[in-house]
1. Give just the number: which of (1) under 30 Å from PRO7 (Cβ atoms); (2) out of contact with any Gly (no Cβ under 8 Å at 6 or more places or on another chain) does LEU47 not satisfy?
2. Which one is nearest to ILE61 (Cα to Cα) among residues in the stretch 102-130 that are of a type in the set (Gly, Ala, Ser) and in contact with a Phe, Trp or Tyr (Cβ under 7 Å, 6 or more places away or on another chain)?
3. Out of all the residues in the stretch 73-91, which are in contact with a Gly (Cβ under 7 Å, 6 or more places away or on another chain) and hydrophobic (A, V, I, L, M, F, W, C)?
4. When both residues are 6+ apart or on different chains and their Cβ atoms are under 6 Å apart, which pairs have a first residue that lies in the stretch 61-76 and is under 14 Å from GLY51 (Cα atoms), and a second that is assigned to a loop (DSSP other than H, G, I, E, B) and open to solvent by less than 70 Å² (accessible area, probe 1.4 Å)?
5. Mind telling me which of the residues VAL118, VAL90, VAL128 ends up being in contact (Cβ under 8 Å) with a residue 40 or more places away in the chain and under 11 Å from the mean Cα position of the chain (by Cα)?
6. From ARG85, ARG102, grab the single residue that is of a type outside the set (Phe, Trp, Tyr), within 16 Å of MET1 (Cα to Cα) and touching a residue at least 60 places away in the same chain (Cβ under 8 Å).
7. Just to verify a result, which residue in the stretch 2-20, among those that are closer than 30 Å to ASP44 by Cβ and either at pLDDT below 85 or outside any strand (DSSP E or B) (or both), is least open to solvent (accessible area, probe 1.4 Å)?
8. Looking for something over 24 Å from GLY10 (Cα atoms) and modelled with pLDDT of 95 or more - is there at least one such residue anywhere in the stretch 52-60?
Amino acid sequence: MDPDDLPSPGETLRYERTFTVEEVEAFAELSEDRGEHHEVPDEDGRLLVHGLLTATMPTKIGGDLDVLARTMTFDFHRPVYTGQRIGCEVTVETVDRDDDDRAAIEADVVCHRDGDEVVLTGGFEGVVLG
């Protein structure tokens, strides 16, 4: 992405998705995080989604912007289960363009389920190369 095409400070980008049992199983295989809570369904047949799998939601938005992240922080507030609709909002805080066709970007992150229950907060900073 051209750094001049980045969103402006204050702009919020959104993404929603529902994690599946198959995705949690694939993430467990890839990450080798095989905690029982990720592999044994609860009484409703759901698996607990890995926190870092949930954290791929803001990285998807960062990827759409071609952000090369330098730092990411996440606070996990509530569990996420397969079958739950999760929304993610990334609000751009700063965009600093320089003379080298680059832009530094900082953003805040909030992910929620059922429209309002916060499950994850955090932020990232990085650079977009032009």
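1. Just one mismatch for LEU47, condition (1).
2. Restricting to residues being of a type in the set (Gly, Ala, Ser) and in contact with a Phe, Trp or Tyr (Cβ under 7 Å, 6 or more places away or on another chain), the top hit is ALA107.
3. Selection gives PHE74, PHE76.
4. What qualifies is PHE74/ALA55.
5. Details: VAL118 fails: under 11 Å from the mean Cα position of the chain (by Cα); VAL128 fails: under 11 Å from the mean Cα position of the chain (by Cα).
VAL90 is the lone residue from the list that is in contact (Cβ under 8 Å) with a residue 40 or more places away in the chain and under 11 Å from the mean Cα position of the chain (by Cα).
6. On the way: ARG85 fails: within 16 Å of MET1 (Cα to Cα).
Matching residue, one of ARG85, ARG102: ARG102.
7. Initial filter on the stretch 2-20 (closer than 30 Å to ASP44 by Cβ): 14-20.
Now restrict to residues that are either at pLDDT below 85 or outside any strand (DSSP E or B) (or both): 19-20.
On the way: PHE19: 1, THR20: 53 Å².
Among those residues, the one meeting the criterion is PHE19.
8. Of the residues in the stretch 52-60, the ones over 24 Å from GLY10 (Cα atoms) are 52-53.
Filter once more, keeping what is modelled with pLDDT of 95 or more: 52-53.
Within the stretch 52-60, one or more residues are over 24 Å from GLY10 (Cα atoms) and modelled with pLDDT of 95 or more.
The values are calculated or read from the model by the stated rules, or taken from the named source; none is laboratory data. Keep in mind the model is a prediction, meaning the values are calculated, not measured. When we count neighbours, we look across all protein chains shown, and the Cβ atoms used for this are built from the backbone with ideal geometry, even at glycine. Keep in mind that these areas ignore ligands, DNA and RNA; they rest on the heavy atoms of the full protein, side chains included. Shrake-Rupley method; radii C 1.70, N 1.55, O 1.52, S 1.80 Å.
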